[in-house]
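Below you'll find the structure, written out as structure tokens, and then a few comments.
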Amino acid sequence: MKKTIVPVIATAAITSLLTLWGASKIGDKPLFSFSENKVPIHYASNTGITATQPVDFSPAAEATVKSVVHVKTLTQGKTVLAQDPFGFYGPQQYRMPDQTGAGSGVIISQDGYIITNNHVVQGADQVQVTFNDRNTQIAKVIGSDPSTDIAVLKINADESLPFMELGNSDNVQLGQWVLAVGYPLNLDATVTAGIVSAKGRSLGMNQRKSNISAVESYIQTDAAVNPGNSGGALVNTQGQLIGINAAIASPTGSYAGYSYAIPSNIAQKVAADIIKFGTVQRGYLGIAMADLNKIDQKQAEQLGISNSDFRSASGVFVTHVEPSSGAALSGLKKGDFVTKINGINVNSAPQLTEQVARYHPGDKISVSYMRGGQPYTVSVELKNNVGSTVASTGNNMSLLGASLRNLSNGEAARLGIKGGVMVAEVKSGSAIQKANVQKGFVITNVNDQPIASIADLQGIIVQSAGPIQLGGMYPGKRGMYYYGFEGADGNY
């Protein structure tokens, strides 16, 4: 038996060696090279980049978990009227089950103001916050802004609360280490680490929730973020707040590698407006624009952009300038390429929107642009979305000959709508009274465009050149009601 096996093994070994030798002769290169001189070997660290010491995240993590809270929401189930499918009893009332939700929030002041996402608390009847030490309180929603997905909560603080120091999101750099702090998947306070992988990202999420210009210029990171992290903190290694975690890119709904945070400079401005005015005071440049990064050469030609400009131009292309806007009054025209806002480069529409959204109506900003290959810089006074430089105070205002106010989240939820504007008072002799609009009417659409706030209502009215139709409902009554007005000249 042994005598039989030995020749077989020897034959197989010799055959294998001959096969390899033959392949090396026939092929372009040898399969193996035993000469070290022929192998290109380089040290991986020989790149010209100075090596640094490992980053210690523990001081930032210890400081920030105390300033991040767990946000839990309760939305009471609505009572609905449904037809008995068998027709025996007629319409029956059914109460839908209550709904709960969860997210995170960041304490920004020692007296109890908290930033979170609008989508975390939208429609909630009750909001509860829990601290890292398990202390729990009921919070009040001070205000929210769907266009930036920011909301502000307030709790009663008997003592100074640990709040997070605000950082400057303009200083965030690609490759910078960051921490994401929040309460994912209903876990206790959780800290994850990653790097900044992109800036100025736009996902189109806020545009679907808001009828006014959405502001999206996210900081993209690879720090692990999951459901429940929304509204939590993105911090640098010094423990400073540089973003509010808001979204993830995922085919499944759970973390798949990329997360997105609202820059702290935007969140801070929106929160300050809500606290001071009750609503966001946003300045508008007054232009429509095209992002060169998102159009092809054919689309560029349709916009009037020459091939040479499309290949070499930087900035944001102006497709339209609103008459009487700050941009128009400062000389900006269709065909200009806006390159800088207050000296900061803007290479995309999200970046431009982010920079302008930091300012109020009446503020003046520096706008640099290219026209005919020549650079120009002008000062532009921003206006609000109704063409005024005056900030409005609170969620109440007079318009259409009526006193209006935004619906609270709880009121909207009970009516089964995302938002709306209630007619609080009707002025005697006004056109809105002559149209028979009653106190308590809730406006949900204007000219068949859905609205969720007074800002939406203003934006549509100011752009309407013809008749205006208000659509809405009366709480407690069935069906939709519609009222028409002639023109939007303000004579209401």
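If I take R0 = 30 Å and measure r between the Cβ atoms of Gln176 and Glu425 in this structure, what FRET efficiency does the formula 1/(1 + (r/R0)^6) give, to the nearest 0.05?
The formula returns an efficiency of 0.05 here.
If Lys and Arg each add +1 and Asp and Glu each add -1, what is the summed charge of the other residues whose beta carbon sits under 13 Å from the beta carbon of Glu322?
Overall, the nearby charge balance is +3.
When Lys and Arg each count +1 and Asp and Glu each count -1, what net charge do the other residues less than 14 Å away from Ala124, Cβ to Cβ, add up to?
+2
Provide Met473, Met480 in ascending order of the number of other Cβ atoms located within 10 Å of each residue's Cβ, fewest first.
Met480, Met473
Using amide H atoms built 1.01 Å from N in the peptide plane, name the residues 5+ places from Lys383, or on other chains, whose amide H lies under 5 Å from its own.
Here the answer is Tyr284, Gly326, Gly362, since their amide H atoms fall under 5 Å of that of Lys383.
Which pairs break 23 Å Cα to Cα here: Lys439/Lys477; Lys276/Lys439; Lys418/Lys477?
Violating the 23 Å limit, Cα to Cα: Lys276/Lys439.
Once fully extended, how much extra length lies between Gln238 and Gln469, figured as 0.36 nm per residue of separation less the alpha-carbon to alpha-carbon distance?
77.8 nm
How large is the translational diffusion coefficient of segment 180-336 in µm² per second when you combine the Kirkwood radius over alpha carbon pairs with Stokes-Einstein at 37 °C and 0.692 mPa s?
For the chosen part, D equals 181 µm²/s.
Treat the count of other C-beta atoms within 10 Å as a stand-in for reagent exposure and order Asp273, Asp56, Asp149 from fewest to most.
Asp56, Asp273, Asp149
Run the numbers for Glu62 and Ser306: contour at 0.36 nm per residue of separation, minus the present Cα-Cα distance, in nm.
82.4 nm
Whole-Hz Karplus ³J(HN,Hα) for segment 412-421, in order, using 6.51 cos²θ - 1.76 cosθ + 1.60 and θ = phi - 60°, x for Gly and Pro?
Taking θ as phi minus 60°, the curve returns 4, 5, 5, 8, x, 10, 7, x, x, 10 Hz for segment 412-421.
So if each residue of separation counts as 0.36 nm, and I subtract the Cα-Cα distance between Val55 and His320, what length gain in nm does that give?
Full-extension gain reported as 90.6 nm.
Using the Karplus curve 6.51 cos²θ - 1.76 cosθ + 1.60 with θ = phi - 60°, what ³J(HN,Hα) values do you get for each residue of segment 431-441, in whole Hz, with x for Gly and Pro?
Running phi through 6.51 cos²θ - 1.76 cosθ + 1.60 with θ = phi - 60° gives 5, 5, 6, 5, 7, 6, 6, 9, 4, x, 5 Hz.
Of His119, His70, how do they rank once you tally other Cβ atoms within 10 Å and put the fewest first?
His119, His70
Net charge around Asp111, counting only other residues with Cβ within less than 12 Å of its Cβ (Lys, Arg = +1; Asp, Glu = -1)?
In short, -1.
Using amide H atoms built in the peptide plane, which far-off residues or other-chain residues are under 5 Å from Leu241 H to H?
Glu165, Leu166, Gly167
Using θ = phi - 60° and the Karplus form 6.51 cos²θ - 1.76 cosθ + 1.60, what ³J(HN,Hα) does each residue of segment 365-372 get, whole Hz, x for Gly and Pro?
10, 8, 10, 9, 8, 10, 9, x
Tell me which residues come under 5 Å, amide H to amide H, from Val321 once H is placed; ignore anything under 5 positions away on its chain.
Result for Val321 returns Ala288, Lys334.
Zone of Leu203 (label point 7 Å along Cα→Cβ, backbone N under 16 Å): which residues in segment 144-184?
Zone members listed by number: 146-151, 180-184.
We did not get these values from a lab; they are worked out from the coordinates using the rules stated. As the structure is a prediction and not an experimental result, all values here were calculated from the model. All Cβ positions, even for glycine, are placed from backbone atoms using ideal geometry, and neighbour counts span all protein chains on display.
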